Amino acid sequence: METLFPGLHAMHNLHPLFVHFPIALFVAAFVIQAIVVLGKREVMQPLARALLYLGTLGALPTALSGSLAEDNVEALAGFTPAMSAALEFHSTLMYIVTGWAVLLTAMAFWKRARMTRGLATALLAGLLVLVALLGVGADRGGQLVYQYGVGGQKLGSEVPRSSGP
């Protein structure tokens, strides 16, 4: 397995395998919902709902893998208070994002047969909040990886910097 997937074998945790799916699906759900509301394309409402459902479904294992990764990362040598603060902010915000996504999914599911223009607009507003919070939380995840080197290598060693082309 190590020779077939050396990158996977070198990973400290599986969280990076999951994170990109909910991000892409939630952003796509927001874009399609904006087309539904602003472009008056109600026929696309089922697609927006499906993307939200899939994003929420993907967010659940992402949150679980993040929780498991958090314990491993905090135990690494060289883990600083600044890293801890960034990790705590990222973790808390992404739990809020996941909970908000579950609430939006429940609303979209229960109102799917009676999605009025007002509810469609409310869903768009909810998705805007979701994507905004998701962006901030994902940025902090990126900070952990690219600024602090968490998850990409063992802590305590210098983070490699690109010298450019």
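Could you tell me whether Ala101 is aliphatic (A, V, I, L, M) and within 19 Å of Leu57 (Cα to Cα)?
Details: aliphatic (A, V, I, L, M): yes; within 19 Å of Leu57 (Cα to Cα): yes.
Taking the combined requirement at face value, the residue satisfies it.
Filter segment 65-84 for residues that are farther than 13 Å from Val150 by Cα and among the small types (Gly, Ala, Ser) and give the result.
Ser65, Ser67
Does segment 109-125 hold any residues that are touching a residue at least 60 places away in the same chain (Cβ under 8 Å) and not β-branched (Val, Ile, Thr), and which are they? Outline the logic, then answer.
Step one: of segment 109-125, the residues touching a residue at least 60 places away in the same chain (Cβ under 8 Å) are 109, 112, 115, 117, 120-121, 123-124.
Within segment 109-125, Phe109, Arg112, Met115, Arg117, Ala120, Leu123, Leu124 qualify.
Within segment 32-55, does at least one residue satisfy the condition of being of a type in the set (S, T, N, Q) and within 17 Å of the chain's Cα centre (by Cα)?
As a first pass, look at segment 32-55 and keep what is of a type in the set (S, T, N, Q): 33, 45.
Among the residues that remain, those that are also within 17 Å of the chain's Cα centre (by Cα) are: none.
No, that holds for no residue.
I'd like to check something: does segment 119-131 contain any residue that is at pLDDT 95 or above, of a type in the set (Val, Ile, Thr), assigned to a helix (DSSP H, G or I) and within 15 Å of the chain's Cα centre (by Cα)?
yes
Report the residue count in segment 97-151 for those that are closer than 30 Å to Thr80 by Cα, crowded, with 17+ Cβ neighbours inside 10 Å and among the polar types (S, T, N, Q).
Residues flagged as closer than 30 Å to Thr80 by Cα, crowded, with 17+ Cβ neighbours inside 10 Å and among the polar types (S, T, N, Q) within segment 97-151 amount to 2.
Taking interchain pairs and intrachain pairs at least six residues apart, which have beta carbon atoms under 8 angstrom, with the first residue in segment 73-96 and loosely packed, with under 14 Cβ neighbours inside 10 Å and the second assigned to a helix (DSSP H, G or I) and among the hydroxyl-bearing types (Ser, Thr, Tyr)?
Short answer, once both residue conditions are applied: Glu74/Ser84.
Would you mind listing the helices (runs of 4 or more DSSP H) fully within segment 1-63 where at least 2 residues are of a type in the set (D, E, K, R)?
Details: elements: 6-10, 15-18, 20-38.
Output list is empty.
What pairs come up if the first residue lies in segment 38-53 and is among the charged types (D, E, K, R), the second is assigned to a helix (DSSP H, G or I) and exposed (fewer than 15 other Cβ atoms within 10 Å of the Cβ), and their beta carbons are under 8 Å apart, counting only those six or more places apart or on different chains?
Arg49/Phe109; Arg49/Arg112
Taking the criterion of being closer than 14 Å to Pro22 by Cβ, in a helix (DSSP H, G or I) and at pLDDT 90 or above, would at least one residue in segment 66-78 satisfy it?
Checking segment 66-78: at least one residue is closer than 14 Å to Pro22 by Cβ, in a helix (DSSP H, G or I) and at pLDDT 90 or above.
Criterion first (under 15 Å from the mean Cα position of the chain (by Cα), closer than 26 Å to Gly141 by Cα and not acidic (Asp, Glu)) does Ser67 satisfy it?
On the way: under 15 Å from the mean Cα position of the chain (by Cα): yes; closer than 26 Å to Gly141 by Cα: yes; not acidic (Asp, Glu): yes.
Taking the combined requirement at face value, the residue satisfies it.
Condition first: among the β-branched types (Val, Ile, Thr), at pLDDT 95 or above, in a helix (DSSP H, G or I) and closer than 30 Å to Tyr148 by Cα. Can you find one or more residues in segment 98-115 that meet it?
Taking segment 98-115 first, the residues among the β-branched types (Val, Ile, Thr) are 98, 102, 105.
From what's left, at pLDDT 95 or above: 98, 102, 105.
Subset that is in a helix (DSSP H, G or I): 98, 102, 105.
Cutting the leftovers down to closer than 30 Å to Tyr148 by Cα gives us 98.
Within segment 98-115 (the criterion being among the β-branched types (Val, Ile, Thr), at pLDDT 95 or above, in a helix (DSSP H, G or I) and closer than 30 Å to Tyr148 by Cα), the answer is yes, since at least one residue qualifies.
The values are calculated or read from the model by the stated rules, or taken from the named source; none is laboratory data. Quantities reported herein were computed from a predicted structural model and do not represent experimental measurements. Cβ atoms come from the backbone with ideal geometry, glycine included; neighbour counts cover every protein chain shown.
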